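Single-structure report; data block below.
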Amino acid sequence: MTDDSRISELAKLAKPTVKVIGLGGAGCNIVSWISQKGVDGIKTISADTDAVHLLAAKSDVRILMGEKAYADAAGIPNVALRRQGRALMK
């Protein structure tokens, strides 16, 4: 067996796993772009506090951050923060 054929056989067995994590709006956008390109061997993960934007993300895994903190505002951070601010001012 030649070196080239041995290396070729090893390369077929070695399947690298790449995980791409996108955080926030821009991160989710780039993860969606990568997913749509159909690159083999990449697992994509999107994480965001914006539930609406996260639903539009094209990724293998989606993580809604701050779900408990923003539960009263349906996952909309600005609304939840305003409500918290009003509660503090009372």
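The values are calculated or read from the model by the stated rules, or taken from the named source; none is laboratory data. Since this is a predicted model, take the numbers as computed values, not measurements. Cβ: placed from backbone, ideal geometry, glycine included. Neighbour counts: every protein chain shown.
Annotations for the structure displayed:
- Yes/no for Val79 being surrounded by fewer than 16 Cβ atoms within 10 Å (Cβ to Cβ), of a type outside the set (S, T, N, Q) and modelled with pLDDT of 90 or more: no
- All positions within the range 16-49 that are closer than 15 Å to Ile63 by Cα and either in contact with a Pro (Cβ under 9 Å, 6 or more places away or on another chain) or among the polar types (S, T, N, Q) (or both): Asn29, Ser32, Thr44, Ser46, Thr49
- Here the condition is being charged (D, E, K, R), surrounded by 13 or more Cβ atoms within 10 Å (Cβ to Cβ) and either at pLDDT below 60 or under 30 Å from Ala11 (Cβ atoms) (or both); of Lys90, Lys58, it holds for Lys58 alone.
- Some residue of the range 17-33 being over 21 Å from Leu64 (Cα atoms), surrounded by fewer than 16 Cβ atoms within 10 Å (Cβ to Cβ) and modelled with pLDDT under 95: yes
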